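Trainee: Structure below; questions to follow.
Readers should treat all values here as calculations from the given coordinates under stated rules, not as data from a laboratory. Nothing here was measured: the structure is a model prediction, and the numbers come from that model. Cβ placement follows ideal geometry from the backbone for every residue including glycine, while neighbour counts extend to all protein chains displayed.
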Amino acid sequence: MNEKLKQLYQSVILQHNNHPVGYGKREGSAYTLDAYNPLCGDRFQLFFSLEDGRITGLGFHGYGCAISKAATSVLVKHLEGQPVQRALEMCRAFEAVVQPDAPAPSATEEDFEAFAAAREFPGRLKCATLSWEEISRFLEAQGVGG
Amino acid sequence: MNEKLKQLYQSVILQHNNHPVGYGKREGSAYTLDAYNPLCGDRFQLFFSLEDGRITGLGFHGYGCAISKAATSVLVKHLEGQPVQRALEMCRAFEAVVQPDAPAPSATEEDFEAFAAAREFPGRLKCATLSWEEISRFLEAQGVGG
Amino acid sequence: MPGLAPSEIRQQFPIFSHHPELAYLDNAATTQKPRAVIDGLAAFYEKQNANIHRGIYSLSAQATLQYEQVRRKVAALIGAPGPGSIVYTSGATAGINLVASSFLLPRLRPGDEVLISAMEHHANLIPWQMACRQAGARLGVIPMSPVGELDMAAFRQMLSGRVKMLAITHLSNTLGTINPVEEMTALAHRKGIPVLVDGAQSAAHLEIDVAGWGVDFFAFSGHKLFGPTGIGILYGRAEHLEAMQPVIFGGDMVRNVTFEETSFAAPPQRFEAGTTHIAGVIGLGCAVDFVSRLDRPAVRARVEALGQYARALLAEIPGLRFIGEARQAGAIVSFVLDRVHPHDLATFLSAEHIAVRAGHHCTQPIMQYYGIPGTTRASFTLYNTREEAERLAAQVREAQKFFT
Amino acid sequence: MPGLAPSEIRQQFPIFSHHPELAYLDNAATTQKPRAVIDGLAAFYEKQNANIHRGIYSLSAQATLQYEQVRRKVAALIGAPGPGSIVYTSGATAGINLVASSFLLPRLRPGDEVLISAMEHHANLIPWQMACRQAGARLGVIPMSPVGELDMAAFRQMLSGRVKMLAITHLSNTLGTINPVEEMTALAHRKGIPVLVDGAQSAAHLEIDVAGWGVDFFAFSGHKLFGPTGIGILYGRAEHLEAMQPVIFGGDMVRNVTFEETSFAAPPQRFEAGTTHIAGVIGLGCAVDFVSRLDRPAVRARVEALGQYARALLAEIPGLRFIGEARQAGAIVSFVLDRVHPHDLATFLSAEHIAVRAGHHCTQPIMQYYGIPGTTRASFTLYNTREEAERLAAQVREAQKFFT
Ligand SMILES: Cc1ncc(COP(=O)(O)O)c(C=O)c1O
Ligand SMILES: Cc1ncc(COP(=O)(O)O)c(C=O)c1O
């Protein structure tokens, strides 16, 4: 197996995949988002509430590849407890790391950097961004509403 | 203008085009066939009757290019007075002259030979065969019926 | 300005090395292909060929990126807001049909009206006629004057509350007329009428600005824009595409499928069922690159001047009558010649290596209007020369001598 | 026997010179193109490019002849009675949609039934589902066994008088199953039920004899038969095509057009509105020539043996489970691997220059049946080798080590 791929997977992804943050079904969340990629069948549910404009009780459940699962785990780790505005910024920061068109990321969360390797595998981009796009859509709508 | 084309037009076609045989509308014909090529707008009506199994009173009217008009004029000249079976044979002989797939024509009517040049201009094939195909369809149906 | 001189442009088209004598004046039917398009297609098949969207391996991922990139190029070319409003079709015909059956038909009621013009190509006529028939609606036809210009006064009057669609050609393939689509769109929009512009002839030659004009739909074909056959574009405003249901069903346009029901993907994928013409998209991208590198207004000016030059030469031939003499016109010259049938003339010209088209040009109603069965049509584009226009005129004279 | 050895065949595909390491095992998605097809396309664009049918000048006349000649070649390949029953489409998906909306829908009544099978590609499922929905008819699904074979006893029972259509895949793109279409056609015909066979996967690999089997329709795509993208074939029995109304309207498919009404041309032109994918047809002709020159039964035997070999190697990997193990099967091998997601596996294999596909393969109902989100699929064809099968198996083992 070549180095790029090793890099992509090993640093962070297999870790998060095997030990995901906040994994499990949750009852009583105010919001449940369905992050679904019909092209590959991967599907995660994101559970959370909003309290005083902050994301709380964030967790996820579902099925997906190592990349999508790890990306969702990283999402949970980084967005839990964040105010909506800050969370949106992090969504954009994550996106900037994985989008091949985007300028090379300046310093961001170390967890994010691992996904920079996804740039080399455009077929997997969607895996990395699946849950992030879903929650970012939600957060944007919040911004507009409030 | 090149020689092939000269050959195609001059020997017989321009003659017949300028002095068509049996040209004019006819009243009281038993049959009127509509030979129409929607791709180019050319349209001839063929008028005739059948008497004792022979084509009689054959004539035509309409609008078309020099080739289609000449081919129709040649049709009138050669099929008038012919029994159905013989007329069908002549339709096939004519077709054999103009079809590029067909074996090179053996001796046939001299008038037909002129249209052999149409083989070089497949775009014009339909012009040569327009009226011939129409009447041959009619004659075949006669054969089946009787 | 790179490659503006016709000789420079001409060198980029291999067909003219293979047929050095060829005066190709049938560009309204299809254009020739520059080396960059032919090589781009071959390179795709040789080096990158793979199916898209669902592929993870590198070839497929690369093909997908390139394929989606072409939407951006096309959007830039026609002034569309973004790639999401660019639907790949098999050609202008398919695009217009999609709008007629998926956008218009569901909102068309008995007594409604659809407006087209007297100079429409069958592709921008029959789909509307069929939709009207199915819905019990009426097809209104904006009349034109004998020189082939739309009657704008009549048009204004026809814009009633009943009209549910205006579909109009930008550049007539038979008459050469350029219609004031921006103005017509503004007038139609005042009454809330959506507008489709048939850009089959204009996309290669005129500046297109779909967002600036505010048109609702714009359809064209790659093969008339120096691109491959089998590929076309339908631009549609995002809210329309969003509201439209697909009419062709298959892979890659769905979200969820069970035996009981199916939910569809978002536009533009929703309208791109099955394996699309991937190589055609790549080739179209090369064609868009090719035209985008040119100084388009300068090319347009030169080509239209060439059309005028051809008209001036032909006008001197006795017994020759132009069909279509609009003041605003592209380089499409249709004419009839006394006592010489268009097909005989075209055969004669072909023997002299001049390719023109003869017939009704898929505009039978125009023929009916002028009471003629067909015309001979010479259509010019960026690789054509004044010398070709001169050869055309000279050989039309020869043909006249020969046949009469 | 010309070119039967894989190495000889492989040399004819330029992609492998550009990517010498590439093990291309995604042939069910699309096949690579032989030199003859790529060159044939380029030669058309470089030397012969012109629009067809309405053209009198030599280029156009030649293009028209060649274009029509390809119908004969295709007819010969699939055992069709003649060129008149060969309709050019943009692909298998378009062909199936045409039959569903133009042949079936007008004769479908509330309470009627359409039969498909449990293993259909979305392209041979959604069009029928939509037709049923529109007509108030029912979609019946012939069940399959866990190994992926159709339940023929159930099928016989489902053939009631209510069934108005049977649409069945010849070779499953996910399971590899080859269905007994000849037998199924005979059974359906006894009840007067018309049959469409989806030949997307089989046209390249199995002997096709549409007239011998008596099927009513047969649809496939050029791009899976070593030909260009954007072109496909719908074979239809003459009397059916005769009775069908077109669904796409435009130039070249009409007889007479006025603003009031339109009459249509005879089949197959009736279904080929507008400028078709002329170059695609020419390229498809080259592809048909390519496969026709091979000893097809021998190639089939070799390719199927290769599929069996791959299965045998993969079967030794612990935790690997095949999806689809029919006794009659083509060289399509789908599987799942415990604790390794198909996408991760495909990415891993891609890094090793092995191209396989991962996902639902446009057969979501098959995934639902097996309760899996997707499979990894390796599909083999005439240029694949035993060495590639070995590399596949070895790297699947490596991936398993890496991920678990
Ligand atoms: C069994 C089957 N049917 C239909 C199709 C659709 O073919 P296309 O996408 O070329 O229209 C495919 C290919 O994906 C297939 O495998
Ligand atoms: C004005 C116009 N509209 C529509 C079309 C249809 O284009 P296509 O045949 O490429 O679908 C044409 C081309 O023939 C045209 O000239």
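Trainee: Between D:328, D:36, D:9, whose Cα lies farthest towards the positive end of the dipole of the protein assembly as shown when Lys and Arg beta carbons carry +1 and Asp and Glu beta carbons carry -1, centred on the Cα centre?
Mentor: D:328
Trainee: Mean Kyte-Doolittle of at least 0.5 plus a Cα span of 18 Å or more along the axis: flag which DSSP H helices in chain D meet both, please. Spell out each step's value before the answer.
Mentor: Working: long enough: D:58-78 (31 Å, 0.05); D:278-293 (23 Å, 1.52); D:296-315 (28 Å, 0.12); D:386-403 (26 Å, -0.98).
The qualifying helices are D:278-293.
Trainee: Taking the rotation that carries C onto D, look along its axis and tell me which residue of C has the beta carbon nearest to it, distance in whole angstrom.
Mentor: C:230, 2
Trainee: Nearest 5 percent is fine: what portion of the DSSP beta bridges confined to the stretch A:3-142 is antiparallel? Don't jump to the answer; show the numbers that get you there.
Mentor: Working: 16 of 17 bridges.
Rounded to the nearest five, the antiparallel share is 95 percent.
Trainee: Would you mind giving the mean number of other chain beta-carbons within 10 Å of the Cβ of each residue in D:119-131, as a whole number?
Mentor: Average neighbour count from other chains, rounded to a whole number: 5.
Trainee: Using mean Cβ contacts within 10 Å as the protection proxy, how do A:23-29, D:174-180 order, highest first? Mind showing how you got there, number by number?
Mentor: Numbers: A:23-29: 11.9, D:174-180: 25.4.
Result, highest mean first: D:174-180, A:23-29.
Trainee: Another one. Can you list which of the GluC sites (Glu not before Pro) found in the stretch D:1-76 are DSSP loop residues with at most 14 other C-beta atoms within 10 Å?
Mentor: Values: sites: D:8, D:21, D:46, D:68; in loops: D:21.
Loop-located and lightly packed - D:21.
Trainee: Here's another thing I want to ask about it. For every other residue with a beta carbon closer than 11 angstrom to the beta carbon of residue C:162, add +1 if it is Lys or Arg and -1 if Asp or Glu, then tell me the sum. List each step's numbers first, then the result.
Mentor: On the way: positive: C:109, C:138, C:164, C:191; negative: C:112, C:113.
Net local charge, residue C:162 excluded: +2.
Trainee: Rounded to the nearest 20 debye, what is the charge dipole size of the protein assembly as shown about its Cα centre when +1 sits on each Lys and Arg Cβ and -1 on each Asp and Glu Cβ?
Mentor: Values: 98 positive and 106 negative charges, 128 e Å.
The calculated dipole for the protein assembly as shown is roughly 620 debye.
Trainee: Which value, in debye to the nearest 20, describes the size of the charge dipole of the stretch A:3-142 about its Cα centre when Lys and Arg Cβ atoms bear +1, Asp and Glu Cβ atoms bear -1, and nothing else is charged?
Mentor: 340 debye
Trainee: I would also like to ask the following. Give the nm distances, rounded to one decimal, from residue D:319 to the matching residue in every other copy, measuring between label points 7 Å along Cα toward the beta carbon; shortest first.
Mentor: The projected label point of residue D:319 is separated from its counterparts by 8.8 nm.
Trainee: Cross-link partners among lysines for residue C:191, C-alpha distance below 27 Å, same-chain residues fewer than 8 apart left out?
Mentor: Output for residue C:191: C:164.
Trainee: In a shell of Cβ-Cβ distance under 15 Å around residue C:354, excluding residue C:354 itself, what net charge do Lys and Arg (+1) and Asp and Glu (-1) give?
Mentor: Numbers: positive: C:357, C:377, C:386, C:391, C:397; negative: C:21, C:26, C:344, C:352, C:387, C:388, C:390, C:398.
Surrounding charge for residue C:354 is -3.
Trainee: Tell me, for the rotation carrying B onto A, which chain B residue has the beta-carbon closest to the axis and what that distance is in whole Å.
Mentor: Per the Cβ-to-axis criterion, the result reads B:39, 22.
Trainee: Quickly estimate the mean residue ellipticity at 222 nm for chain D, helices only: each DSSP H run with n ≥ 4 gives -39500 (n - 2.57), and the total goes over all residues, rounded to 500.
Mentor: Numbers: 15 runs with 155 residues, N = 404.
So the calculated ellipticity at 222 nm is -11500 deg cm²/dmol.
Trainee: Any lysines with Cα under 27 Å of the residue A:126 Cα? List them, leaving off those in the same chain fewer than 8 positions away.
Mentor: Partners found: A:4, A:6, A:25, A:69, A:77, C:47, C:73, D:224, D:401.
Trainee: Sticking with this one: Could you tell me the center-to-center distance, by alpha carbons, between the stretch D:350-404 and the stretch B:36-88 in angstrom?
Mentor: Centre-to-centre (Cα) distance: 66 Å.
Trainee: Okay, moving on. Hand me the GluC sites (Glu not before Pro) from the stretch C:227-309 located in a DSSP loop with no more than 16 other Cβ atoms within 10 Å, in residue order please.
Mentor: When the GluC sites (Glu not before Pro) of the stretch C:227-309 are filtered for loop state and at most 16 Cβ neighbours within 10 Å, C:260, C:261 remain.
Trainee: Measuring nothing but label to label, 7 Å from Cα along Cα→Cβ, what are residue B:142's distances to the other copies in nm, shortest first?
Mentor: 8.8
Trainee: While we're looking at this one, here's another question. Within 10 Å of each Cβ of D:81-91, how many other protein chain Cβ atoms are there on average?
Mentor: 2
Trainee: Just to be sure I follow the definition: excluding the sites themselves, where is the longest run in chain C that has none of the trypsin sites (Lys or Arg not before Pro) in a DSSP loop with at most 14 other Cβ atoms within 10 Å? Provide the component values of the computation, followed by the final result.
Mentor: Working: sites that count: C:191, C:293, C:327, C:339.
Longest run free of exposed loop sites: C:1-190.
Trainee: To one decimal in nm, how far is residue C:338 from the same spot in the other copies, if labels go 7 Å from Cα toward Cβ? Please give the shortest first.
Mentor: Once sorted, the set of distances for residue C:338 reads 9.4 nm.
Trainee: Let me spell out the model: positive unit charges on the Cβ of Lys and Arg, negative unit charges on the Cβ of Asp and Glu, origin at the Cα centre of the stretch D:38-292. What dipole size does that give, in debye rounded to 20? Can you show the working numbers first?
Mentor: Values: 18 positive and 21 negative charges, 91 e Å.
That gives a dipole near 440 debye.
Trainee: How many angstrom lie between the C-alpha centres of the stretch D:219-294 and the stretch C:163-185?
Mentor: 29 Å
Trainee: Moving on. Considering only DSSP beta bridges whose two residues both sit in the protein assembly as shown, what percent are antiparallel, to the nearest 5? Before the final figure, lay out the partial values.
Mentor: Details: 84 of 122 bridges.
Bridges in the protein assembly as shown that DSSP calls antiparallel: roughly 70 percent.
Trainee: Per residue of C:22-30, count partner chain C-beta atoms within 10 Å of its C-beta, then hand back the mean as an integer. Spell out each step's value before the answer.
Mentor: Details: counts 3, 1, 4, 1, 8, 1, 1, 9, 9.
The per-residue average across the peptide is 4.
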